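Taken together, the values in this text are just the output of simple stated rules run on the coordinates, not laboratory data. Keep in mind it's a predicted model, so treat the numbers as computed, not measured. Glycine also receives a Cβ, built like all others from the backbone with ideal geometry; neighbour counts cover every protein chain displayed.
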Amino acid sequence: MNVFLTDLVSLNKVILSNAREQFTLHPEVSGRATRALPTDLIAAVETERVSGEKRYKISTHNDPNSWTLALDFALDQAIESTPYVVLSYDTFGKPQEMVFNSVQQAGQPTQYHAQLDITELAERDALLRALSVYESQTTLVVVVKSENGLLNTITDPAVFYFAPDYYPYIYQGLLPPGNRLELILYPIPFGSKTFNYYQDYVRKNYLYYLPDEYLLATDAENDDKPLLSLTFNAPQGATSLDEVRVQFDYFVVPKVQQARIVDASVEFKHDQPTGRLLPFATADKSDLWLTLPDGRQQETEALIDLQSGIADSFSLPYHQFSPIWEAFFDTAPQSTLLKGYLATTFTGFPPEHIPVRLALDSRYKDQVKSFIREPSMAVINTGLLFKTLAATWNPNGPKPIASILVSVQRKTIELTAGQQEAPLNYQTPVLDLILHPEKPPVYYYDVEIHYADGSIKKMPNQEKTVEVIYVP
């Protein structure tokens with residue numbers, strides 16, 4: 001699994017941050033989303049860890065006659081009365097609300113469980129759209145009665161948008177509508193190129209567009225660090241770097257030229273005065289293609305949402321690590337490594353190819369370790385042979401030796417006159433060998449000499465660069 005899918009709460013923050021920058025909202029929608037301004041009361045949906053994933057405590061379920069949305073939230077302070085919970089959203093330009101049927105205290109005085117029950121198909125479809133379409137700008141508003149009237153606060157996450165591909169557990173109880181969009185191709189020139197837009201056949205004032213490209217997402221809460229993670233894997237007992245593979249996990253997000261969208265909006269309103277431009281969330285078919293050292297290949301395991309982003313992973317043998325790492329910083333136009341496209345297809349139209357680039361700022365070139373989320377456990381095993389000279393065991397020497405103990409990585413062997421040599425296994429972290437190929441491996445060990453008179457001499461922190469080692 002892509003490592004960024006193990007924390008869906010943090011990923012949602014990245015998705016929403018990018019969406020705010022890339023997708024221009026209709027003025028009526030953006031205005032509605034900020035009416036219920038937060039006050040000194042803070043509310044947040046609670047989280048939990050399920051099968052290794054950090055998730056929001058939101059669920060849906062159904063029975064033959066109804067659908068239910070349930071969630072847990074917490075306030076930052078205790079209040080005197082039970083709050084109301086309202087789902088506020090926009091449906092095709094019209095502000096709407098759903099009031100939760102039940103809100104009950106759960107656990108601590110500041111924790112609550114809220115439940116929304118609906119019985120009509122139209123309500124079910126409206127709820128599905130409110131949660132899964134960014135343009136709905138859905139907010140979960142907690143309303144508290146106080147002496148000063150009604151106190152409103154928007155619950156974190158501030159925009160209640162959850163891409164179905166990344167949050168399938170939220171939609172388990174909601175059956176999605178089966179009808180796909182019917183579209184009309186609507187080309188509009190911008191600069192020296194013509195871009196394809198798609199007009200909704202039913203709602204003629206809706207025009208859909210695709211991103212200009214996909215780039216590595218960055219985490220605003222972590223100094224804008226790109227969402228890239230490296231893992232070094234080796235089979236147990238590996239003795240050579242030829243057995244090592246490097247896995248790259250990454251998450252890319254859509255980028256849009258805002259000037260292009262503004263220009264297209266003006267052009268579209270010549271035909272449709274009430275026209276609105278909306279980003280596509282899904283396509284009838286989407287395939288990711290990426291150029292790696294062995295050529296361009298389809299990333300069949302990629303998780304794709306046009307509006308939220310793409311989560312993907314690929315694995316390479318260790319000897320391809322250096323060229324692929326250099327490719328992250330190669331800005332030459334002719335460079336093809338780590339470049340590709342997302343082929344999106346809408347029924348009845350040729351596929352659109354949206355560029356995808358995996359690139360890092362030059363400041364990260366010497367910071368490979370910072371992209372390894374956890375210390376790699378992959379190691380290379382080397383057999384060391386510890387030996388002694390026959391003269392070491394001369395009983396007539398000035399200080400006869402009874403035995404010699406050699407310790408390597410918490411394993412100890414004993415050498416005696418009857419066993420003058422013995423092997424020990426040494427494990428070297430793969431990362432050390434890959435990041436510093438110019439340096440020969442260094443083997444560290446401790447020696448204890450036990451003399452016949454009972455005295456002991458300790459020789460800690462010895463080191464050699466050869467596999468056959470004479471002691472003492």
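Structure values in brief
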{"read-out": "Estimated FRET transfer efficiency (residue 40, residue 407; beta-carbon r; R0 51 Å; 0.05)", "value": "0.25"}
{"read-out": "224, 90 arranged by Cβ crowding within 10 Å, fewest neighbours leading", "value": "224, 90"}
{"read-out": "Stretchable slack from residue 146 to residue 455, in nm (0.36 nm times residue separation minus alpha-carbon distance)", "value": "103.1 nm"}
{"read-out": "For the chain: relative contact order, % (alpha-carbon pairs under 8 angstrom, 6 or more apart)", "value": "11"}
{"read-out": "Directionally averaged shadow of region 379-470, computed from the convex hull of its alpha-carbon atoms, nm²", "value": "6.3"}
{"read-out": "Degrees between helix 258-271 axis and first principal axis of the chain (Cα, 0 to 90, nearest 10)", "value": "20"}
{"read-out": "Computed over the chain, Kirkwood Rh from alpha-carbon pairs, angstrom", "value": "27.0"}
{"read-out": "Euclidean distance of C-alpha centroids, region 242-299 and region 131-161, integer Å", "value": "30"}
{"read-out": "Net charge of Cβ neighbours under 11 Å - reference residue 189; Lys, Arg +1; Asp, Glu -1", "value": "0"}
{"read-out": "Theoretical FRET efficiency, 1/(1+(r/R0)^6), r = Cβ-Cβ of residue 470 and residue 49, R0 51 Å, to 0.05", "value": "0.45"}
{"read-out": "Cα convex hull of region 183-371, projected area averaged across orientations, nm²", "value": "13.3"}
{"read-out": "Exceeding the 20 Å Cα-Cα cut-off - candidates 54/369; 225/285; 193/255; 439/464", "value": "54/369; 225/285"}
{"read-out": "Tail weight of P(r) past 22 Å, computed on alpha-carbon pairs of region 260-380, percent", "value": "53"}
{"read-out": "Cα long-axis angle, helix 8-22 against the chain (0 to 90 degrees, to the nearest 10)", "value": "50"}
{"read-out": "Per-selection metrics, region 223-270 (Cα): Rg and Dmax in Å", "value": "22.2, 69"}
{"read-out": "Computed FRET value (nearest 0.05) for residue 320 with residue 381, which takes r as the C-beta separation and R₀ as 25 Å", "value": "0.65"}
{"read-out": "Kirkwood Rh and Cα Rg combined as Rg over Rh, evaluated for region 3-171", "value": "0.94"}
{"read-out": "Distance (nanometres) between label positions extended 7 Å along Cα→Cβ at residue 205 and residue 361", "value": "4.2"}
{"read-out": "Angle in degrees between helix 121-132 and the longest Cα principal axis of the chain, rounded to the nearest 10", "value": "50"}
{"read-out": "Relative packing of peptides 192-203, 113-124 - highest average C-beta neighbours within 10 Å first", "value": "113-124, 192-203"}
{"read-out": "Å³ per residue enclosed by the Cα convex hull of region 100-228", "value": "242"}
{"read-out": "In Hz, Karplus ³J(HN,Hα) per residue of region 396-403 (6.51, -1.76, 1.60; θ = phi - 60°; x = Gly, Pro)", "value": "9, x, x, 8, x, 9, 8, 6"}
{"read-out": "Phi to ³J(HN,Hα) by Karplus 6.51 cos²θ - 1.76 cosθ + 1.60 over region 450-458, Hz, x for Gly, Pro", "value": "9, 8, 5, 7, x, 6, 10, 10, 9"}
{"read-out": "Estimated inter-spin distance, residue 242 and residue 82, nm [label 7 Å along Cα→Cβ]", "value": "7.0"}
{"read-out": "Spin-label model distance (nm) - residue 446 vs residue 272, 7 Å beyond Cα toward Cβ", "value": "7.5"}
